[in-house]
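Novice: Handing you a structure now.
No value in this document is a laboratory result; all are computed from the given coordinates. Computed from a prediction, not measured in an experiment: that's the story for all the values here. Note that we place each Cβ from the backbone using ideal geometry, even for glycine, and neighbour counts take in every protein chain shown.
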Amino acid sequence: MRVADWRPTRLIHWSSVINGVPDSLVLCEASRGEYDVGVPYMTLSHRWTTDSQVLLQMGNLDTLRTGIDVHGLKRSVQDAILLANHLGCNYLWVDTLSIVQDDPVDLEREISQMDKVYSNAICNIAASDASTNDEGCFFARDADQIRTAFVSINANSSSSARHLLRPTRDETQSALTTCLLESRAWVFQERLLAPRAVHCTTTQLYWECREVEASETHPLGAVGGRRLKAIFREDSVDLMETVNLEHNLWSMVVSEYTQRALTFPIDKLRALAGISAVWRRLYGDQYLSGLWRSMLPAHLTWSISSTEPRRVLREQSVAPSWSWASTEGSVDLGLSGVRKEQDYLATFESARENDTVLRLRGCVAQLRWARGPEDEYFGKPQFILVEPTASEASVASLTNEDFMLAKSSVYFDDTRQIPKLIHCLPIYRMDYGAPGRRRERVLGLVLECGDKGEDRYHRLGTFEAQDPEIRALLLSPPETVVELA
């Protein structure tokens, strides 16, 4: 989503490329009037380290304004300049040279406008298969492996047709999601925000925009596949509001994003800030630490993928406990199909934009949990809800069959330290089963009481209760306003 009347703080510029070398390569700044609003520029996505490369710092700012030694740049940056020039552009935004790396104020300001940097670029160049930026964008390859051919076929004596021969299997989606660069969380928003992208891989070039994905073997475009990038087309907003797709689309964003790696956990929400800024402009929603007000309370029941080890990041103050950003691992925002008001058992009361405390109204019931045998498929222990009055002896006497037949499961975010008594806040109810045999289940949050009073809690996980007696216990307390931190 392009932002009018805006321009990047800094760009690198060259007048021409002669024999593969950019001429008059310099650092330009908007504050010095060296380019106008709407200047056509490209961006670069790459993996980089701080060793042996030219980085923009406070000490060399004036030097780079007068000239940049191209031979001091990493191969990925050099190749991006050549590719941008070939595409008719002589301005490039690259993080190593457009952000003052040793100035915390400049870093914070530039990170906060990543949405504008990538959304306003005419195209993003991705060094997709370079493990470091020493490897560059271009690779030696066998062109015959990807070459396409056109042939003319005479179907009958009166007509002929020209056909494109290409591989029957289109691997655009898998290639774009499995390349080395795609494993990085910061790159996810760069790919999503840029209106167009050229992905440079070891086998071929790929093209991606909000209309089509194409490659050298499929120059006319890929068949099928989901284009998450299309959610930022302005003409798609009305459609998503009409069919209420925002919930599922944000679930897709979080799921894809949390499968990627971060060097520093503290960047969990920062590396998604560009996407959230564009989403806020499109939908006018309130952003709350990785979740949206319009999607609460349903999205509070997010869960960590069952196939991964669970690790909580709360001790690092990355995010409040109710946010998926407080954990590591791939996240599923859960059953967000609940829409009817009568399905909700808790209601969202209030929260400020930068506040880490949510206020909900609902029933808080105190229960116990019991630990069972490891799940044969996932190799993780099973937990179930039991009555708060259950004795130690009765809990200890539970058999494997009891756990197999239990209809009230608990899914803890972290199993290292769990209090015996837990608090459960039902969020919504859903029916399941075949018509005529419908049954009800209640889903909600497992909480522990915080240090600042009885009404402030921290999230421990989620529960799902189908057992009628447990459901009755969950819904028996009177409604109250609770705070989640």
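Novice: Among Met430, Met114, Met58, Met1, rank each residue by its count of other Cβ atoms within 10 Å, from fewest to most, as a rough exposure measure.
Specialist: Ascending Cβ contact count within 10 Å gives the list Met58, Met430, Met1, Met114.
Novice: Per residue of the range 25-41, what does 6.51 cos²θ - 1.76 cosθ + 1.60 with θ = phi - 60° give for ³J(HN,Hα)? Whole Hz please, x for Gly and Pro, Karplus curve as stated.
Specialist: Calculated HN-Hα couplings, in order: 7, 9, 8, 10, 10, 5, 5, 9, x, 8, 7, 9, 4, x, 4, x, 9 Hz.
Novice: Something else now. Nothing charged except the Cβ atoms of Lys and Arg (+1) and of Asp and Glu (-1): what's the magnitude of the dipole of the chain about its Cα centre? Round to the nearest 20 debye. Let's see the in-between values first.
Specialist: On the way: 52 positive and 66 negative charges, 163 e Å.
Value, rounded to 20: 780 debye.
Novice: Using Cα pairs under 8 angstrom and six or more residues apart, how large is the relative contact order of the chain, in percent?
Specialist: Once divided by the residue count of the chain, the mean separation gives 10 percent.
Novice: When ranked by the protection proxy of mean other Cβ atoms within 10 Å per residue, highest first, what sequence do the peptides 211-217, 41-47 form? Mind showing how you got there, number by number?
Specialist: Details: 211-217: 18.3, 41-47: 25.7.
By packing density, highest mean first, the sequence is 41-47, 211-217.
Novice: Among Arg191, Arg416, rank each residue by its count of other Cβ atoms within 10 Å, from fewest to most, as a rough exposure measure.
Specialist: Ranked by crowding around the Cβ, least crowded first: Arg416, Arg191.
Novice: Can you give the extra length, in nm with one decimal, that the chain gains between Thr389 and Val357 once fully stretched, where that is 0.36 nm per residue apart less the Cα-Cα distance?
Specialist: 8.4 nm
Novice: What shape does the range 31-107 have by the C-alpha gyration tensor, where a ≥ b ≥ c are the square roots of the eigenvalues, rounded means a/c under 1.5, and otherwise prolate means a/b greater than b/c and oblate the rest? Could you put the intermediate results ahead of the total?
Specialist: Numbers: a/c = 1.62, a/b = 1.13, b/c = 1.43.
Oblate, because a/c is 1.5 or more while a/b does not exceed b/c.
Novice: Right, another one. By counting other Cβ atoms within 10 Å of each Cβ, how are Phe138, Phe264 ranked from fewest to most?
Specialist: Details: Phe138 16, Phe264 10.
Lowest to highest Cβ neighbour count: Phe264, Phe138.
Novice: Of the beta bridges DSSP finds with both residues in the chain, what % are antiparallel, to the nearest 5?
Specialist: Values: 71 of 83 bridges.
The antiparallel fraction comes to roughly 85 percent.
Novice: Would you mind checking the tilt of helix 246-257 against the longest principal axis of the Cα atoms of the chain, expressed as 0 to 90 degrees and rounded to 10?
Specialist: With both axes taken from Cα atoms, the answer is about 70 degrees.
Novice: Working out 0.36 nm times the residue gap between Arg196 and Arg438, then minus their Cα-Cα distance, what length gain in nm do you get to one decimal? Show your work: numbers first, answer last.
Specialist: Details: separation 242, 0.36 × 242 = 87.12 nm, distance 4.74 nm.
My answer for the length gained is 82.4 nm.
Novice: Measure out, as a whole number of angstrom, how far apart the alpha-carbon centroids of the range 40-70 and the range 175-208 sit.
Specialist: 22
Novice: So, one more: With angles folded into 0 to 90 degrees, how steeply does helix 273-283 sit against the dominant principal axis of the chain? Use alpha carbons for both and round to 10.
Specialist: 80
Novice: Next question. Can you find, among Trp250, Leu180, Leu11, the residue farthest towards the positive end of the dipole of the chain? Put +1 on the C-beta of Lys and Arg, -1 on that of Asp and Glu.
Specialist: Trp250
Novice: Please say if the range 1-144 is rounded, prolate or oblate, where rounded means a/c under 1.5 for a ≥ b ≥ c the square roots of the C-alpha gyration tensor eigenvalues, and otherwise the choice is prolate for a/b larger than b/c and oblate otherwise?
Specialist: In terms of gyration-tensor shape, rounded.
Novice: At 7 Å along the Cα-to-beta-carbon direction for both Phe264 and Val212, put a label point, then send me their distance in nm to one decimal.
Specialist: Taking the simple label geometry, Phe264 and Val212 are separated by 4.1 nm.
Novice: Which whole-Hz ³J(HN,Hα) couplings does the range 62-72 yield from phi under the Karplus relation 6.51 cos²θ - 1.76 cosθ + 1.60, θ = phi - 60°, glycine and proline marked x?
Specialist: For the range 62-72, the Karplus-derived couplings read 5, 5, 5, 5, 8, x, 10, 6, 4, 6, x Hz, x marking Gly and Pro.
Novice: Can you bin the chain into rounded, prolate or oblate? Criterion: square roots of the alpha carbon gyration tensor eigenvalues sorted a ≥ b ≥ c, rounded for a/c under 1.5, prolate for a/b above b/c, oblate for the rest. Before the final figure, lay out each step's value.
Specialist: Numbers: a/c = 2.34, a/b = 1.70, b/c = 1.37.
Prolate.
Novice: Of the listed pairs Lys116/Lys268; Lys380/Lys407; Lys268/Lys407; Lys268/Lys420, which have alpha-carbon separations greater than 29 Å here?
Specialist: Details: Lys116/Lys268 20 Å; Lys380/Lys407 18 Å; Lys268/Lys407 35 Å; Lys268/Lys420 31 Å.
From Lys116/Lys268; Lys380/Lys407; Lys268/Lys407; Lys268/Lys420, over 29 Å: Lys268/Lys407; Lys268/Lys420.
Novice: Calculate how steeply helix 75-86 sits against the longest principal axis of the alpha-carbon atoms of the chain, using the helix alpha-carbon long axis, and give the answer as 0 to 90 degrees to the nearest 10.
Specialist: That helix lies at roughly 60 degrees to the long axis.
Novice: Compare the Cα positions of Pro104, Ala465, Asn60 along the charge dipole of the chain (+1 at Cβ of Lys, Arg; -1 at Cβ of Asp, Glu; about the Cα centre) and return the one farthest towards the positive end.
Specialist: It is Ala465, whose Cα lies furthest towards the positive end.
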